[in-house]
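**Student:** Submitted below is the structure of interest, expressed as structure tokens.
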Amino acid sequence: MCGIVGVHGTIDKETLRIMTSTLVHRGPDGGGYYLDVGIGLGHRRLSIIDLEGGKQPMQTKDGRYVITFNGEIYNFKELKIDLESKGHSFSTNSDTEVILYAYKEYGVKCLKYLNGMFAFALYDTKEKTLFLARDRVGIKPLYYYHTEGLFVFASEIKAILEYPGIERVVNKKSVYEFFIRQYTSAPDTIFQDIYALEPGHFLLVNKTEIVNQRYWNLTYGSENLTESRAIATLRSILEKSVERQLIADVPLGAFLSGGIDSSIVVALMHRLKGDGIKTFSIGFEETDYDERFYSRLVSETYSTDHQEIVVTSKMMNLMDTVTYHLDEPLADFAALPTLVLSEFAKKKVKVVLTGEGGDENFAGYNYYRDFSRLYRYGKVIPKFVSSGKVHEIVSNFNRTYGMLLTASQSKQDLFERKMFGLKDGSHLFKEEYESYKPDLINKLITPYFSDSGNFLNEMLNWDTKVWLPNDLLMKVDKMTMVHGLEARVPYLDHEVLEFSVQLPTSLKLKNGGKYILKKAFSQELPLEIVKRKKSGFDVPIKEWFNSDYRGKIDSLIAVNQKLIGTFFDVGKVRRMMGYNRNDLFLWRLYNFILWRNQYFR
């Protein structure tokens, strides 16, 4: 894990140094620069593999290619052997050098050989071209800005903003997207003219043009797999994924929630490494949210070296740190606990494996089941959308409403009423929101939902390509990297993903979801973990809002009325604050104000 920056165009050493220095938290172990006419590359290093030999930016022996790279290539040793057989020789034991020579051998097609998480920029000193790529699922972030004759990129937006002349302008469409969904999605960002490279894409940049191309995609189908064969295959590929991701020259552990996903990861780590794996869990003083019973149960089962930390409302004073390091407003309740847990874990390890991606692979969220049932009656939903049962189902997970924006106006009204807590069904946005809504629908809904006949696969596809990379993975990457901790995600190995998308629906949804995953590992896990109902990672934000922190939040909102009036009907916001307090909306508004004050002081 590292931080990368670069400029294709006018750049001087001091500007490059300043830009790179904003990413010291991502790479506290060292830094480096490559500077030539029309090109500058910067790097901050978190050393995980080949601690002495992996310094960057790195060049091929002939000096033609130079790279700045963030991430890990888990199969780099196998690739190295293959490249050596083709005549390439290596000076280090790093995965970075393998990317360089893979590109020299295969060009842009090198990406299909890489198993890992990555964001990198590789410069061809002969052709004066820049090749940038982001991993298949979007585990690692990569942002860019371009205008005529200038291309600027970095792991985090804050580094791009240090380039002279790049203005900080809010992208209003993304603001509305944030308040609807709690995050913004690639390729747009909250900043006008700054973009996120989409997962599974690469860019080719020269002085006159930029080529943006997808190199990987998921195709959902349904192989005729028997249950026994599916179980055997899943056990094999998931174990191989975990085994690959255990490679490191530094201490390694796992985040353990006690849910099925992280428990399986720990079980596989134990099978491969034995007793004493370091595991880390969060607890809360509020007993309804505290899940340490389950994480302790898993720890005892696999004899891990288990550590816990309790997150309290007093830690809300870290929210300025959270919003600064996220770059964009991201109102995921779990961001703060993830930051706290990362600082805690970094005292013991430098790498952790996590359970992100298990739900999106194997249909773990409750609404997959609920909406799949509703889909059977899809054409008549608008007639009874106000009925109690449907309202209960769709209320369980408000972001899922966004999937149904095009279905009917009644669903749209229900979505907005639930989102903003208004009894009359109207939203809080200013009238200009209506002009942005068609673009948001065309970006976020139309490409993913059709009459394919398999609504579950459409939901899984949407979650994997929109929700996962723009919310969950950004939260984990940026909150762990605040403290120079590398997070790895075995469920998002592309071989695991390519297998899961071919599983029959019945092997996912049966018995409430994640059927095949639970079945494959039920003999190794405590029964309480296998039988445990899906609960998600709930945080007692409502309790914190209505106790110690309520006054501070209300005061923050009160002194930012002008900002609020830029996007909202202030009168409606005030009425909502008074008679129908909505913690979901307030959390987003609070995060947005904190972010705005951080980046537009």
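**Student:** Please compute the modelled spin-label separation between residue 533 and residue 232, points set 7 Å along Cα→Cβ, answer in nm with one decimal.
**Tutor:** In this crude label model, residue 232 to residue 533 measures out at 3.6 nm.
**Student:** Kirkwood Rh over Cα pairs of the stretch 2-214 into Stokes-Einstein at 4 °C, 1.567 mPa s: D in µm²/s?
**Tutor:** Translational D for this selection: 75 µm²/s.
**Student:** What are the principal axis extents of the Cα atoms in the stretch 106-178, in Å, biggest first?
**Tutor:** Here the spans come out as 40, 30, 17 Å, largest first.
**Student:** Restricting things to Cα coordinates, could you compute the convex hull volume per residue of the stretch 251-307 in Å³?
**Tutor:** Residue-normalised Cα hull volume stands at 68 Å³.
**Student:** Quick one: check the C-alpha center-to-center distance for the stretch 434-465 versus the stretch 537-552, whole angstrom.
**Tutor:** First find each Cα centre; the distance between them is then 33 Å.
**Student:** Okay, moving on. Is the stretch 1-106 rounded, prolate or oblate when judged by the Cα gyration tensor, a ≥ b ≥ c being the square roots of its eigenvalues, rounded requiring a/c under 1.5 and prolate requiring a/b larger than b/c?
**Tutor:** Oblate, because a/c is 1.5 or more while a/b does not exceed b/c.
**Student:** While we're looking at this one, here's another question. Per residue of the stretch 143-149, what does 6.51 cos²θ - 1.76 cosθ + 1.60 with θ = phi - 60° give for ³J(HN,Hα)? Whole Hz please, x for Gly and Pro, Karplus curve as stated.
**Tutor:** Residue by residue, the stretch 143-149 yields 10, 8, 10, 8, 8, 4, x Hz.
**Student:** Can you pull the semi-axes for the chain, root of five times each eigenvalue of the Cα gyration tensor, sorted largest first, whole Å?
**Tutor:** Rounded to whole Å, the semi-axes are 36, 31, 24.
**Student:** Quick check: net charge around residue 360, other residues with Cβ under 12 Å of its Cβ, Lys/Arg +1 and Asp/Glu -1?
**Tutor:** With Lys, Arg at +1 and Asp, Glu at -1, the net is -2.
**Student:** Report the extension gain between residue 166 and residue 14 in nm, rounded to one decimal, defined as 0.36 nm multiplied by the number of residues separating them, less their alpha carbon distance.
**Tutor:** Computed gain between residue 166 and residue 14 is 53.1 nm.
**Student:** Only four residue types carry charge here, +1 at the Cβ of Lys and Arg and -1 at the Cβ of Asp and Glu. Report the dipole size of the stretch 107-228 about the Cα centre in Debye, rounded to the nearest 20.
**Tutor:** So the magnitude is around 100 debye.
**Student:** Let me ask another. Relative contact order, percent, of the chain when contacts are C-alpha pairs under 8 Å separated by at least 6 residues?
**Tutor:** 15
**Student:** I'm a student and want to see the number: the projected area of the Cα convex hull of the stretch 159-218, averaged over all directions, in nm². Before the final figure, lay out each step's value.
**Tutor:** On the way: hull surface 22.6 nm².
For the stretch 159-218, the mean projected area of the Cα convex hull comes to 5.6 nm².
**Student:** Give me the net charge of residue 128's neighbourhood, meaning all other residues with Cβ under 10 Å from the Cβ of residue 128; Lys, Arg count +1, Asp, Glu -1.
**Tutor:** -1
**Student:** Could I ask something else about it? Among 118, 101, 27, which residue has its Cα furthest toward the positive end of the charge dipole of the stretch 9-144, with +1 on Lys/Arg Cβ and -1 on Asp/Glu Cβ?
**Tutor:** The listed residue farthest towards the positive side: 118.
**Student:** Still on this model: At 37 °C and 0.692 mPa s, what whole-number value in µm²/s does Stokes-Einstein give for the translational diffusion of the stretch 510-601, with Rh from the Kirkwood sum over Cα pairs?
**Tutor:** Answer, rounded: 198 µm²/s.
**Student:** Okay, next question. Around residue 43, under 12 Å between beta carbons, what's the net of Lys plus Arg minus Asp minus Glu among the other residues?
**Tutor:** Numbers: positive: 17, 26, 44, 45, 55; negative: 29.
With Lys, Arg at +1 and Asp, Glu at -1, the net is +4.
**Student:** If N is the number of residues in the stretch 199-270, what value comes out of its Cα radius of gyration divided by 2.2 N^0.38 Å?
**Tutor:** Against the empirical 2.2 N^0.38 Å value, I get 1.68 for the stretch 199-270.
**Student:** If you don't mind, another one. Suppose every K and R has +1 on its Cβ and every D and E has -1 on its Cβ; what is the size of the dipole of the stretch 248-305 about the Cα centre, in Debye to the nearest 20?
**Tutor:** I would put it at about 360 debye.
**Student:** What distance in nm separates the simple spin-label points at residue 77 and residue 285, each placed 7 Å from Cα in the Cβ direction?
**Tutor:** For residue 77 paired with residue 285, the spin-label model returns 4.8 nm.
**Student:** How big is the stretch 73-124 by the Kirkwood estimate over distinct Cα pairs, in Å?
**Tutor:** This gives a value of 11.0 Å.
Every read-out reported here was derived from the displayed coordinates using simple, explicitly stated rules and does not represent laboratory data. Being a predicted model, the structure only gives us computed values, none of them experimental. Cβ atoms come from the backbone with ideal geometry, glycine included; neighbour counts cover every protein chain shown.
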